[in-house]
Amino acid sequence: MKDEIWLTAREAADLTGVSVVTVYSWVRRGHLKVEGLDHRGQKLFRHLDVAKAEKATRAKAKRVLVRAA
């Protein structure tokens, strides 16, 4: 666990190309879990969890677009 990469919501948003609002939407919908707080009280997420949340939501969005076409 010591070598894990931790991201704030802003860093997660920048990494995945989405807005901070979208990152918190992933949290609300259960795709992403807050794992802790940094020294300033900002929520922290594991890098791997952010990648999984992005993959799950992007895959779902593609399925919706394909069905609508």
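The values are calculated or read from the model by the stated rules, or taken from the named source; none is laboratory data. All values reported here derive from a predicted model rather than from experimental measurement. Glycine gets a Cβ as well: all are built from the backbone with ideal geometry, and neighbour counts include every protein chain shown. To get the accessible areas, we keep the full protein, side chains included, count just its heavy atoms, and leave off ligands, DNA and RNA. Shrake-Rupley method; radii C 1.70, N 1.55, O 1.52, S 1.80 Å.
Can you name the condition, by its number, that Val64 falls short on among (1) of a type in the set (Val, Ile, Thr); (2) exposed (fewer than 11 other Cβ atoms within 10 Å of the Cβ); (3) modelled with pLDDT of 95 or more?
Evaluating Val64 over (1) of a type in the set (Val, Ile, Thr); (2) exposed (fewer than 11 other Cβ atoms within 10 Å of the Cβ); (3) modelled with pLDDT of 95 or more leaves (3) as the failure.
Can you pull out every residue in region 2-50 that is open to solvent by 60 Å² or more (accessible area, probe 1.4 Å) and β-branched (Val, Ile, Thr)?
Ile5, Val21
So which pairs qualify, if the first residue must be in region 12-39 and outside any loop (DSSP other than H, G, I, E, B), the second must be open to solvent by less than 80 Å² (accessible area, probe 1.4 Å) and charged (D, E, K, R), the Cβ gap must be under 6 Å, and the two must be at least 6 apart or on different chains?
These pairs meet every condition: Thr16/Glu54.
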